[in-house]
Structures are given as structure tokens and as C-alpha cells.
1. Only one of Ile201, Ile218, Ile246 is surrounded by fewer than 20 Cβ atoms within 10 Å (Cβ to Cβ) and in contact with a Gly (Cβ under 8 Å, 6 or more places away or on another chain). Can you tell me which?
2. If you take the residues in the range 6-44 that are in a strand (DSSP E or B) and of a type in the set (Val, Ile, Thr), which one is nearest to ligand 2 (Cβ to nearest atom)?
3. Quick one: what pairs do we get from the range 323-351, first residue at positive phi, second part of a loop (DSSP other than H, G, I, E, B) and modelled with pLDDT of 95 or more, C-beta under 7 Å, 6+ apart or different chains?
4. Evaluate the range 113-122: report whether one residue or more is more than 16 Å from ligand 1 (Cβ to nearest atom) and at pLDDT 95 or above.
5. Just checking, how many residues over the range 105-160 are small (Gly, Ala, Ser), outside any strand (DSSP E or B), more than 16 Å from ligand 2 (Cβ to nearest atom) and more than 30 Å from Trp182 (Cβ to Cβ)?
6. Looking at the range 127-141, is at least one residue of a type outside the set (Ser, Thr, Tyr), within 30 Å of Val190 (Cβ to Cβ) and within 16 Å of ligand 1 (Cβ to nearest atom)?
7. Could you look through the range 74-92, keep only residues that are closer than 19 Å to Val344 by Cβ and away from ligand 1 (no atom under 16 Å from the Cβ), and pick out the one that is surrounded by the fewest Cβ atoms within 10 Å (Cβ to Cβ)?
Amino acid sequence: MKAAVLYGKEDLKIVNDFEEPTMRESDVLIQSKFTGLCSTDRSLYRGFVPFRPPLILGHEIAGVVKEVGSSVAELDAGDHVIIPPVYPGCEDETCPSCREGLTNRCKRSVFIGHGVHGGNAELIAAPARYSFKIDKAVPLDEACIVPDAVSTPFHALKSRCVPAHMFQCTSPSELFDKTSHWLKGKNVVVFGVGGVGGPAINLAARYFQVKNVIAVDIFDNKLDFAKKLGATHTVNSRAYFEDNNIAIKELTGRDKAKAISGLAKHISSLLAEDKFQVDLVVDCSGVPDTFPVGVETVSKNRTIVQVGWPPKPVNAFLNQKIMDKYLTINGTWACPMNEMEEVVKAVEDGLVDLNLLVTNKGYSLDQMVQAIEDLEAGKILGRATIAIQ
Ligand SMILES: [Zn+2]
Ligand SMILES: [Zn+2]
């Protein structure tokens, strides 16, 4: 089969005779139609993340079922499906994480396009129970971003945003139910308007019905994009420092802390009608500089969710602020399997603006490297998708 195969750092080849995947009786064989391009693909290509070559990239996959295994009852040939990038590899979800409902944190997690071959090939086999059927009305070149770019922020917003103390006074069924979800009517700040920050803004505004979403980035075109996706306010943090003659990169210690606190006040002052109340900071920036700003920006007794993946450590760890602001700091990772079903439903109900989130559709499999270079050059505003066949 045709596949885009990574043989080593920056050694990506389009191969026409790569061995086809074998399927087990509980698998489906899927014709991969489109994949979403993620910065993880870029990190693998550039050798920033270790992997075992040869590796077929692509972990945001939408395709059509070609064949079903002998024990598969829930899917048929011809069904449109998406596959989550991370799914359980333990036997019947019996590992400690899966037993706690964290099927996204399975002890034997399978990470397609990284640990095993991904979807940048004509065919991929996946367990039927983790291949999620999606309505044919959803275009496959948009559906492919759902498994990661949409489901990751969905899980962050749905399950990682509630401050820990809330569990003492409100029942989880109330906190997490769609109609009474804790986020409804709250104020959210999203750092980083990219492939994941964009969907985070869109989901917060449309699905979780927050009152205000403030998008923070350093590029005006991304902030304009954020407005289209549902942001009520935007802040260009670089312009803020420039306008106030603050050379943030040169500052250290107390001066830097003061500058960061000034930016945080500027961000939350946009919520003047809510007395600067920031209920949640979602950090999708992927850079370490935003974490101290997040700590300053979020209100007391509230939460920061770290969604982006900063390659460098945060150097000013504001432990005293975390303590006296009584903050909940949550990591997050992919999306549990039961929530994948909710994400698919949200998409089918038209509550996610996939047509806005996918901004670059033109790439073919042969243009993988070009797509990665365009991503690095900042030419891709939202998500790019790659046509496999
Ligand atoms: Zn990804
Ligand atoms: Zn497991």
C-alpha cells in the first residue's frame, strides 16, 4: 500500500509497496481517507521525540471501513469512522487506569502514528470498539480533526476544569452533566490560538456555553480567527508589552513578576462586569512563558488546565501564588473513550464549527513535508488536513 513513512529524523519517504496491516478478529480494516496535521507529527519528523523507525505518521484519522473482523458486530463495511490517537491496549480495560475510567491513560496505551503505524497510509487496522462511527453528513476532511484537535480540549473542558473543592458541595452528576455543567455561564481564558486552542475556544463558547472567552495570543490574525470561533474578547500579549514599553525578555525577578501581573490584570479587566472573575485558564500555547501569566490571571479557588506541551520547563514556578490562591492545576491528556462518543455527538449535532477549524485542506500525502514546513512557518491558522487517497 502507499504510505508516508518516517525512516529517521527528517527522512520521510512516500512508499508505494509498504506492507499492509494485519487485522485481528476484533479489528476493522479502515481505508484512511484524511488525517489532521498535528504539531506532534512535526516533533516526530524533526526528531524532537524518540520513535522506532520505520513509522507511518498520522494520528488524527477519518476513514471508511473496508472489512470487519469475524467477531465485530457494531460496524459494517462502508461506515465512516474516526479513530482516537490514544486508545487502551490492556485486556478488556482491566488495568488500574482503565478501571478508574481513564481509558485515555491506559497502562498499555496504544499511540497510533507514534508507538504503532498511523493513518498516513491507504489502510490501517484498529480495534472495532475504538473505531467511532460518525454520520456520513460530516465531511471526512473535517471529521479527521475530531479525534485529537477537538477531543483533547473537549476532555480538558468537560472533565479537568472543575476546582477540586467543588466536589465537596456539589454532586458530580450535576457538575459534569451537559445541561448543568459547571462551566456554563463562567469566564474562560485560553492561551494560544492554534490547532488545539481554536477548538477549545469554539467548544467553550458553543458547547459549554460559557459567558466570556478571552483568547490570548501574540498574533493578530490568530486573534481575529479566535473571534470567528466564538471568543468574546482578545488580547495580544506581545502588543500589550510593546505598548507599555516593557521589554519582558530582558526582565528578571521582581520586575518580571510585576510585568506579568500587569498583563494578567489587563486580561481580566476585560471582564469588568464580572469583577475580574476568571474561572478557568486553558493553556494551549505550548510555550512555558504563559504558565506564570495563567497563575496571575486565574481567580482564587479556580483551575488552570495545561493542554499544550511546552518543550522547556517553566522557570518561574509561582508556588506561593498557587498556594494562597488555592488553585487547582490540572494536566490533561487525550480523551477517554466514553467522552469520544460525546464528542462525536457534539459534532453530529453541529455544535462544533469544523468548517472554520479546518483552515487548510489542500495537502496530499506526497506533500507531507511541505505541510510540516508550512506549519512551522506559521502558514496554518487552524488545522491542516491531508488527503490520503
Ligand atoms: Zn495530535
Ligand atoms: Zn488499560
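The values are calculated or read from the model by the stated rules, or taken from the named source; none is laboratory data. These figures come from a predicted structure and were not determined experimentally. As a convention, Cβ positions derive from the backbone with ideal geometry for all residues, glycine included, and neighbour counts pool all protein chains shown.
1. Only one candidate qualifies: Ile246.
2. The residue in question is Val28.
3. Qualifying pairs under 7 Å: Tyr326/Lys300; Tyr326/Asn301; Ala334/Pro84; Ala334/Pro85.
4. Yes, the range 113-122 contains a residue that is more than 16 Å from ligand 1 (Cβ to nearest atom) and at pLDDT 95 or above.
5. Within the range 105-160, residues that are small (Gly, Ala, Ser), outside any strand (DSSP E or B), more than 16 Å from ligand 2 (Cβ to nearest atom) and more than 30 Å from Trp182 (Cβ to Cβ) number 6.
6. Within the range 127-141, not a single residue is of a type outside the set (Ser, Thr, Tyr), within 30 Å of Val190 (Cβ to Cβ) and within 16 Å of ligand 1 (Cβ to nearest atom).
7. Taking the candidates together, the pick is Gly78.
Residue-by-condition table, conditions (1) closer than 26 Å to Val196 by Cβ; (2) within 18 Å of the chain's Cα centre (by Cα); (3) of a type in the set (Gly, Ala, Ser):
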residue: Arg254; (1), (2), (3): no, no, no
residue: Ile267; (1), (2), (3): yes, no, no
residue: Ala272; (1), (2), (3): no, no, yes
residue: Val278; (1), (2), (3): yes, no, no
residue: Ser285; (1), (2), (3): yes, yes, yes
residue: Pro288; (1), (2), (3): yes, yes, no
residue: Pro292; (1), (2), (3): yes, no, no
residue: Val295; (1), (2), (3): yes, no, no
residue: Val298; (1), (2), (3): yes, no, no
